[in-house]
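Each remark here refers to the structure printed beneath this line.
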Amino acid sequence: MTASAALLPPAFMPSDYGPGLRPHVGEQLSSMISVPLTDLFPRFEPAITAGDPADLDRVRAETRKSLANVDMSKIGPGDSVNILASEHGFGLMGGWPYAEMVKTIREVVIERTGCRKVSLRLAIYRGFREADEVAEHFGFEEAFEGSVHGLGPFDPGVEVDTAIGPMYLIKRAFDGSKFIHAYYDDPREMYFNRLLYKSFKSFCMSYARYETRSVYHSLFGNRSGSIIPRALFDSDFIQQRYAFSSVLRTTPMGVIGIDATTDLYAIDRRITKGHLETYGRMQRLFAKIEDCVAIWDGGRWGYYLHGGGLIFGTLLTSHSDAFDLDKPVVAGFMQVPGAPINFSRHKALRGIVVNQAWVGAGIPYVTMPFTSPMYIVGEEQAKLWREDPTNPLLMDRATVVDSLEQGIAMACEKGKTDKLIVFDGSYGHITCNRSMADLLMARAPEVEREVADTLLPKWMAQRGLA
Amino acid sequence: MAVVKLVADYAVEPCIGCRLCDIVCPSNAIEMVGRKPIIDDALCIGCGRCVDRCPEDIMWMEERAAPLTVTVRPEAAPQDAVLALLDKAGIDPAVSVCVCTLTPASEIAAAVVKGAKDLEEVCAMTGMRSGCGIYCVAPALRLLQAAGRDMKPPKAHRWYPSTLSLWDVPAEALARYPDAFIEEDRKAFDPDGKYAPLPENAR
């Protein structure tokens with residue numbers, strides 16, 4: 001094992017929705033180490049960046065290289081073009097690689113088409129202040145000469161007729177004559193999207209009103225929900241305005257390039273294949289963890305903090321193979337009658353220590369402290385959680401601790417485990433302690449064989465990619 | 001059931017009367033009178049959306065003197081009517097429609113059976129939407145639609161009548177998207193084959 005002292009993750013954006021920035025776990029505890037993912041899976045290819053700001057020129061160059069082959073003939077000098085960006089891209093590796101791709105798209109479109117009216121539409125999750133924070137932090141006001149607007153699920157909608165019926169998108173997203181789908185391929189909630197046409201998901205989430213998001217999550221299953229973003233994308237409304245897609249491609253190692261073309265279905269097939277090969281191995285490795293304490297240590301909601309390129313939610317739901325489409329539900333709202341799944345419950349997760357993370361702010365953790373004891377470091381964070389309307393009962397169960405060390409000690413004692421894994425935004429490596437590193441190293445070869453010989457052929461065949 | 005610990009308040013003098021707090025309130029707890037919001041504490045379900053939305057940053061949430069428990073007990077409504085409504089909407093009674101408050105579909109249906117006329121009244125009666133305010137909406141709208149309520153959207157984009165479900169996907173769409181697992185999910189979630197499309201959503 002070539003593990004080193006814990007590497008610092010990319011710096012993250014300060015926010016009204018989170019506590020003041022605290023030192024990272026790796027800065028506070030000398031016992032934490034970073035395990036390179038290539039020690040676990042030597043077949044993983046190197047990335048062009050895992051978030052180091054010095055690598056942004058590579059992202060810019062890759063974006064230009066990919067866009068050079070894109071047919072932009074749908075955009076004329078007289079058009080007004082919206083570049084649609086989604087908030088979670090700014091949570092990947094500090095957000096700068098995605099921001100760089102977005103800025104470069106604008107430059108190239110202006111150069112290639114003569115169109116000067118190129119605006120940014122920043123789709124955020126729920127907080128009405130998120131878009132302003134993102135625009136300021138990443139310098140979008142300057143890069144887009146002030147033509148930047150946020151989009152949220154509560155904004156005015158527009159009815160769109162689709163093959164399955166009417167749905168509602170956000171009007172402002174499509175108030176230009178054309179739009180560009182500027183996306184990232186982080187599989188994120190693979191337990192919901194199941195890697196079924198994930199590249200289309202923004203059309204029923206980021207760009208959609210809250211009612212459409214609710215239909216996707218609550219009135220369809222994990223698998224069948226994939227029809228909704230495709231029906232929206234294929235609608236006349238979208239196709240009349242769609243110019244092309246540009247996607248920041250990732251593996252658990254980091255950014256591997258940019259994939260841009262007018263054919264989003266082709267991009268999706270490439271992404272799905274690559275993700276099953278890489279994120280699939282990591283997800284199955286998480287499934288081998290029998291007991292652990294997780295530490296949240298980043299600048300987004302706890303569910304969505306990355307460790308080894310996978311979000312915490314992936315560990316939480318690793319009790320099921322998210323990619324096996326024979327299973328109707330891994331996590332979700334629609335349930336098989338008589339066999340409900342509580343996706344906030346995983347016996348291997350013995351506790352959660354919150355060093356830093358956004359509070360709920362729209363993300364419910366209702367049952368989590370009942371099934372996985374939570375330890376909140378510091379009164380400042382505890383106060384934010386107490387005032388979080390999304391999780392009014394959480395602090396009735398969570399424990400406030402004075403220090404990270406105290407939280408870890410209490411969690412490990414109660415959970416009867418000595419294994420720690422940190423979700424600090426890292427790609428290319430996992431921040432953990434020695435005990436966890438030893439377990440991951442011991443189990444990785446078995447996962448490699450299992451995925452290569454059995455699971456990957458099955459996952460591919462289930463998606464018509466064999 | 002929702003246990004509401006917080007209630008919204010604001011500073012009257014600097015309020016510019018923009019009405020954005022009123023528009024995002026899920027339970028009709030805010031009424032604009034003379035370009036100033038009047039907050040009905042009894043209807044406020046503590047979601048905090050008005051505070052987040054306020055462009056002047058002059059609203060806040062404060063702790064209630066005593067938590068407000070908001071609920072419609074399923075047995076408070078005729079059970080046969082509740083179950084019939086859920087069957088018509090194609091929603092399992094046990095599923096948590098609001099994952100923030102863990103409010104089951106049976107409670108939402110009971111609120112509708114007891115007379116809730118629109119989404120805002122369902123929220124005020126059950127406390128749903130006091131959390132994220134997003135993912136519970138379509139099932140509640142579908143139950144209102146199944147009960148024959150007026151689905152004309154209210155002013156100011158409060159909500160749109162989006163109620164499509166797995167059971168509504170038409171045959172042409174099944175043919176167009178054969179890999180969408182529609183038939184498979186219908187069998188998984190409705191093994192007895194009792195659910196059907198809502199007539200209003202038929203194409």
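What follows draws every value from the coordinates through simple rules; no lab data is involved. Quick caveat, the model's predicted, so the values are computed rather than measured. Cβ atoms come from the backbone with ideal geometry, glycine included; neighbour counts cover every protein chain shown.
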Completion exercise
Computed over segment A:327-466, the Cα gyration tensor eigenvalues, each multiplied by 5 and square-rooted, give semi-axes in Å (largest first) of 31, 22, 14
Handout entry: 11 Å beta-carbon shell around residue B:155, net charge (K/R +1, D/E -1)
Key = +2
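Sequence gap of 8 or more, or different chains, plus Cα separation below 21 Å: how many lysine pairs satisfy both in segment A:326-466?
Working: A:327/A:347; A:327/A:458; A:347/A:414; A:347/A:416; A:347/A:419.
Going through segment A:326-466 pair by pair, I get 5.
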Exercise for the section: Check the straight Cα-Cα distances from residue B:194 and name the lysines below 18 Å, setting aside those fewer than 8 residues away within the same chain. Expected result: B:88
Exercise for the section: Tell me the trypsin sites (Lys or Arg not before Pro) within segment A:22-67 that lie in a loop according to DSSP and have at most 13 other beta-carbon atoms within 10 Å. Expected result: A:43
Handout entry: Along each principal axis, Cα extent of segment A:53-275, largest first, Å
Key = 43, 39, 34
Exercise for the section: Report the Cys residues of chain B lacking a disulfide-compatible partner, meaning no second Cys Cβ under 4.7 Å from their Cβ. Expected result: B:15, B:18, B:25, B:44, B:47, B:54, B:100, B:123, B:132
Handout entry: Net +/- balance of residues flanking residue B:67 in space, Cβ distance below 11 Å, scoring K and R +1, D and E -1
Key = 0
Handout entry: the protein assembly as shown - charge dipole about Cα centre, Lys and Arg +1 at Cβ, Asp and Glu -1, debye rounded to 20
Key = 1080
Handout entry: Centre separation in Å (Cα based) which lies between segment B:81-147 and segment A:301-322
Key = 30
Fill in the blank from the handout: For segment B:90-203 the mean separation of alpha carbon contacts under 8 Å (6+ apart) over residue count, i.e. relative contact order in percent, is 22
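Normalized C-alpha radius of gyration of segment B:2-69, against 2.2 N^0.38 Å?
1.02
How high is the relative contact order of chain A, given as a whole-number percent (alpha carbon pairs under 8 Å, six or more residues apart)? Don't jump to the answer; show the numbers that get you there.
On the way: 1011 pairs, mean separation 89.6, N = 466.
Over chain A, the number comes to 19 percent.
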Handout entry: Spatially proximal lysines relative to residue A:117 (Cα-Cα < 28 Å; intrachain offsets below 8 disregarded)
Key = A:65, A:74, A:103, A:171, A:178, A:201
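What is chain B by shape, rounded, prolate or oblate, if you read a ≥ b ≥ c off the alpha carbon gyration tensor as root eigenvalues and call it rounded for a/c under 1.5, prolate for a/b larger than b/c, and oblate otherwise? Write down the numbers at each step before the final one.
Values: a/c = 2.43, a/b = 1.81, b/c = 1.34.
Prolate shape, in that a/c is at least 1.5 and a/b is the bigger ratio.
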Exercise for the section: Go from 0 up to the bin containing the longest alpha carbon distance in segment B:164-203, width 10 Å each, and give me the % of pairs per bin. Expected result: 30, 57, 14
Fill in the blank from the handout: The answer for the net charge of residues other than residue A:397 whose Cβ lies under 13 angstrom from its Cβ, with Lys and Arg +1 and Asp and Glu -1, is +1
Handout entry: In segment A:365-466, the trypsin sites (Lys or Arg not before Pro) that fall in loop regions by DSSP, at most 10 other Cβ within 10 Å
Key = A:416
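Using only DSSP helix segments of four residues or longer, with each worth -39500 (n - 2.57), what per-residue ellipticity at 222 nm results for chain A after dividing by its residue count and rounding to 500?
On the way: 18 runs with 155 residues, N = 466.
That calculation yields -9000 deg cm²/dmol at 222 nm.
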Exercise for the section: Specify the longest stretch of chain A that does not include any exposed loop site, a site being one of the GluC sites (Glu not before Pro) with a non-H, G, I, E, B DSSP assignment and at most 16 other Cβ atoms within 10 Å. Expected result: A:291-466
